[in-house]
Amino acid sequence: MNVRKMTEIRCAEAPPPGGHYAQAMLHGDTLYVSGQLGVTSTTPDADNVPIAEQVAFALNNIAAIGRVVGAQVDDIIRCTVYVADIAHWDDANRAYAAFFGSHRPARSIVPCGALHFGALIEIEAVIAVNS
């Protein structure tokens with residue numbers, strides 16, 4: 001039987017999990033990063049944090065978690081983006097494109113309604129390790 005071990009990945013640079021989940025799980029050469037909100041519980045007023053800043057915050061957290069296992073931004077192969085209101089999408093997409101530049105991971109966008117802590121965006125990712 002070929003059993004592959006899963007390893008929980010923790011990153012002090014990103015906010016700790018707010019529930020019963022890991023920041024990320026490494027399985028073989030693939031890192032699965034849990035959804036990163038655009039704000040944290042310590043954000044005094046999420047309504048005053050522009051969507052572009054929230055996108056950058058979430059993606060920078062994903063990048064920091066990836067660095068724990070030696071991955072770079074260009075190793076991100078897929079993102080799922082949850083947006084509280086699709087009206088924010090144009091600004092969110094511009095911030096997303098600015099972060100990734102010419103790199104274009106596969107992506108899904110899911111309009112979802114209210115997010116925890118009043119965040120406007122949540123992003124989860126799949127990252128290739130040792131690529």
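The values are calculated or read from the model by the stated rules, or taken from the named source; none is laboratory data. None of the values given here were measured: they were computed from a predicted structure. Backbone-built Cβ (ideal geometry, glycine too); neighbour counts: all protein chains shown.
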Exercise for the section: Identify the residue in segment 93-119 that is touching a strand residue (DSSP E or B) at 6+ places or on another chain (Cβ under 7 Å) and in a loop (DSSP other than H, G, I, E, B) and, among all such residues, is nearest to residue 30 (Cα to Cα). Expected result: 105
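Is it true that residue 22 is over 24 Å from residue 91 (Cβ atoms) and either in a helix (DSSP H, G or I) or in contact with a Leu (Cβ under 8 Å, 6 or more places away or on another chain) (or both)?
It is false that residue 22 is over 24 Å from residue 91 (Cβ atoms) and either in a helix (DSSP H, G or I) or in contact with a Leu (Cβ under 8 Å, 6 or more places away or on another chain) (or both).
Have a look at 33, 39, 81 and point out the one that is in a loop (DSSP other than H, G, I, E, B), crowded, with 20+ Cβ neighbours inside 10 Å and at negative phi. It would help to see each step written out before you state the result.
Working: 33 fails: in a loop (DSSP other than H, G, I, E, B); 81 fails: in a loop (DSSP other than H, G, I, E, B).
Being in a loop (DSSP other than H, G, I, E, B), crowded, with 20+ Cβ neighbours inside 10 Å and at negative phi holds for just one of 33, 39, 81, which is 39.
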Handout entry: Exclusive hit being buried (at least 17 other Cβ atoms within 10 Å of the Cβ) and at pLDDT below 95, set 71, 46
Key = 46
Completion exercise
Note: among 95, 125, 106, just one is surrounded by 13 or more Cβ atoms within 10 Å (Cβ to Cβ) and over 15 Å from residue 51 (Cα atoms), namely 125
Fill in the blank from the handout: With the first residue restricted to segment 115-131 and required to be within 16 Å of residue 17 (Cα to Cα), and the second required to be surrounded by fewer than 22 Cβ atoms within 10 Å (Cβ to Cβ) and β-branched (Val, Ile, Thr), Cβ contacts under 8 Å at 6 or more apart or on different chains are 117/40; 117/43; 123/80; 124/80; 125/80
Exercise for the section: Taking the residues in segment 49-68 that are of a type in the set (Val, Ile, Thr) and surrounded by fewer than 23 Cβ atoms within 10 Å (Cβ to Cβ) as candidates, determine which candidate is nearest to residue 11 (Cα to Cα). Expected result: 68
Fill in the blank from the handout: In segment 49-63, anything of a type outside the set (A, V, I, L, M, F, W, C), within 15 Å of residue 92 (Cα to Cα) and not in a loop (DSSP other than H, G, I, E, B) is listed as 53, 54, 60
Exercise for the section: Kindly check whether there is at least one residue in segment 4-22 that is of a type outside the set (Val, Ile, Thr), touching an Asp or Glu at 6+ places or on another chain (Cβ under 9 Å), surrounded by 15 or more Cβ atoms within 10 Å (Cβ to Cβ) and over 19 Å from residue 74 (Cβ atoms). Expected result: yes
